[in-house]
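Structure, as structure tokens:
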Amino acid sequence: MLIGKVIGDIVATQKAPSHMERKILVVQPLNLDGSDRGDVVLALDGVDAGVGDRVLVVTEGWSAMTSVERPRSPIDMAVLGVIDTVTLHYPEKAR
């Protein structure tokens, strides 16, 4: 899984049947501090996310397919959640 920010979507006049009625989002992966991490990815939207949303993306095929209820489909990544906040807790240093 990774955290990302939706920066766009894909408009396709033809899609595989498994992709009908779902948006394909362009997602920029993010580091925990919010900075960009690597290249953008495409993910099938499972939660009605939109441009500007921080999202949780599953990056493994079987998990992506089943999480958006499209088993045996050509799906590598899917957006599973819109992130409200990220809170990091660092352990105290040993004294």
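The values are calculated or read from the model by the stated rules, or taken from the named source; none is laboratory data. Predicted model, so just to flag it, every value in this text is computed and none were measured. Every residue, glycine as well, gets a Cβ built from its backbone with ideal geometry; the counts of neighbours run over all protein chains shown. Remember, those area values only see protein heavy atoms, side chains included, never the ligands or the DNA or RNA. Shrake-Rupley method; radii C 1.70, N 1.55, O 1.52, S 1.80 Å.
Side notes on the structure shown:
- Within the chain, strands (runs of 3 or more DSSP E) holding 2 or more residues that are touching a Pro at 6+ places or on another chain (Cβ under 9 Å) and on the phi > 0 side of the Ramachandran plot: none
- Segment 18-44 residues that are of a type in the set (Val, Ile, Thr), paired with ones that are in a loop (DSSP other than H, G, I, E, B) and open to solvent by less than 50 Å² (accessible area, probe 1.4 Å) (beta carbon under 6 Å, 6 or more apart): VAL41/MET77
- Residue within segment 43-54 that is under 15 Å from MET1 (Cβ atoms) and exposed (fewer than 14 other Cβ atoms within 10 Å of the Cβ) present: no
- Tally, over segment 55-95, of residues that are surrounded by 14 or more Cβ atoms within 10 Å (Cβ to Cβ) and either out of contact with any Gly (no Cβ under 7 Å at 6 or more places or on another chain) or of a type in the set (Ser, Thr, Tyr) (or both): 14
- Residues (more than 21 Å from TRP62 (Cβ to Cβ), open to solvent by less than 90 Å² (accessible area, probe 1.4 Å) and over 14 Å from the mean Cα position of the chain (by Cα)) located in segment 11-37: ALA12, GLY34, SER35
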